[in-house]
Each structure stands twice: as C-alpha cells, then as structure tokens.
Amino acid sequence: MDFKELILKRESCRAYADKPVEREKLIQIAEAGRLAPSACNSQPWFFTVAVSEEAVQKAADCVQHMGRNPFASQAKAFIIVTEEQAALSPRVKDFFPSQHFAPLDVGIAVAHMALAASDLGLSTCIMGWFDEEKVWEVFPELKGRTVRLILSVGYAATDAVRPKTRKAPEEIYRFV
C-alpha cells in the first residue's frame, strides 16, 4: 500500500483477536524502530519485546494501572520502550543546551514501529499510561531506566478501520 493508505489504516487498537503474533513480524517491527533517525545518530532507545505468555501478562498488568486499558489483556505481545542516554556530540549539546532530543527520538522510533506493524497486518496501541514502578518490579532488568512508552501488538479483532477525526487543516498548519 502507499504511505497515505498506511497512515489512514494505522489506528490505536483496543480489541485484539486471539491469534499469536509471528516472531519474524515482531523482529521486523523492532528493526523499523532500530532504523529510525535520531539526533547525532545517538539511538537513545531500547526495546524489550514481551512475547512469552508470562511476560505478556506482566506487561498488560503494567498498563492497566487504575483500571485503564482493559483491552491490553487481549494483546499477544508488548514492546516496552525505554529512553537511553543520548550520546550527542559536544557541539550539539553546547549549541542546544535546552533541547532534549532523546524523547523526540523515542517518539520517532515508536511511530516507525507502529506504522511497520500496520504494514505487516498487525495492530498496535501506543500507551503512555502505565505504572513505571510496576514495570521495574516485573521486569527487573529495566529497573532505574526511563520507561517512555509501551506498545501493545496483535491482530485486530476486526478489519474495520474507524474514520479519522482530525482538526481542519487550517487549524493544524499554514504556509508563510
């Protein structure tokens, strides 16, 4: 499909089918994130892909903090995205002391992964609502790392795509 079709197809999935996600597709999704651009090519991210039944349940529990994201229990995989130290060149750090590139770079990588998943026939939901302390507890290898986002992955329960409701173009961009 062309890029616009892909953008229109990609949506936050909140109902997953009971169908496992192929490891090869998860590798392709992680690769899309790995290949994303970043400031000074610092690649300030790490992706923990939860695929075992136990790890998937633990990840689902982390994003269901305070009753949120009940659909997460249906997902067949999760990608926990941590922000790592950005290795910026001293010149960039000195010239842009107030700019924090790493969170932006992480967002770009996650967008690449979400679009790659859609291209592979999978669905995702990018979640910023999670209990970080619980993530550290159930995934001790991540203790002390900054968890930025958790991406649920699976096959959508339905092929229907919701219409996108967006602000009018003049509310979003202009040419000067």
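The values are calculated or read from the model by the stated rules, or taken from the named source; none is laboratory data. Bear in mind that the values here come from a model prediction, so they are computed numbers and not experimental data. In this analysis, Cβ positions are derived from the backbone assuming ideal geometry, glycine residues included, and neighbour counts consider all displayed protein chains.
Pairing residues of region 1-20 that are under 15 Å from T158 (Cα atoms) and in contact (Cβ under 8 Å) with a residue 12 or more places away in the chain with residues that are among the aliphatic types (A, V, I, L, M) and in a helix (DSSP H, G or I), at Cβ distances under 7 Å and at least 6 apart in sequence or on separate chains, gives R10/A114; R10/L115. Conditions: (1) closer than 30 Å to A87 by Cβ; (2) modelled with pLDDT of 95 or more; (3) among the hydroxyl-bearing types (S, T, Y). S73 meets all but one. Number of the miss? Unmet for S73, out of (1) closer than 30 Å to A87 by Cβ; (2) modelled with pLDDT of 95 or more; (3) among the hydroxyl-bearing types (S, T, Y): (1). One residue stands out in region 1-49 among those that are in a strand (DSSP E or B) and out of contact with any Leu (no Cβ under 8 Å at 6 or more places or on another chain): the one that is surrounded by the fewest Cβ atoms within 10 Å (Cβ to Cβ), namely S12.
Does E54 qualify as being on the phi < 0 side of the Ramachandran plot, under 18 Å from the mean Cα position of the chain (by Cα) and at pLDDT 95 or above? Taking the combined requirement at face value, the residue does not satisfy it. Examine region 82-91 for a residue that is under 22 Å from L6 (Cβ atoms), in contact with a helix residue (DSSP H, G or I) (Cβ under 7 Å, 6 or more places away or on another chain), modelled with pLDDT of 95 or more and buried (at least 17 other Cβ atoms within 10 Å of the Cβ), and state whether such a residue exists. There is no residue in region 82-91 that is under 22 Å from L6 (Cβ atoms), in contact with a helix residue (DSSP H, G or I) (Cβ under 7 Å, 6 or more places away or on another chain), modelled with pLDDT of 95 or more and buried (at least 17 other Cβ atoms within 10 Å of the Cβ).
Within region 92-109, if we keep just the residues that are among the hydrophobic types (A, V, I, L, M, F, W, C) and surrounded by fewer than 19 Cβ atoms within 10 Å (Cβ to Cβ), the residue that is modelled with the highest pLDDT turns out to be I108.
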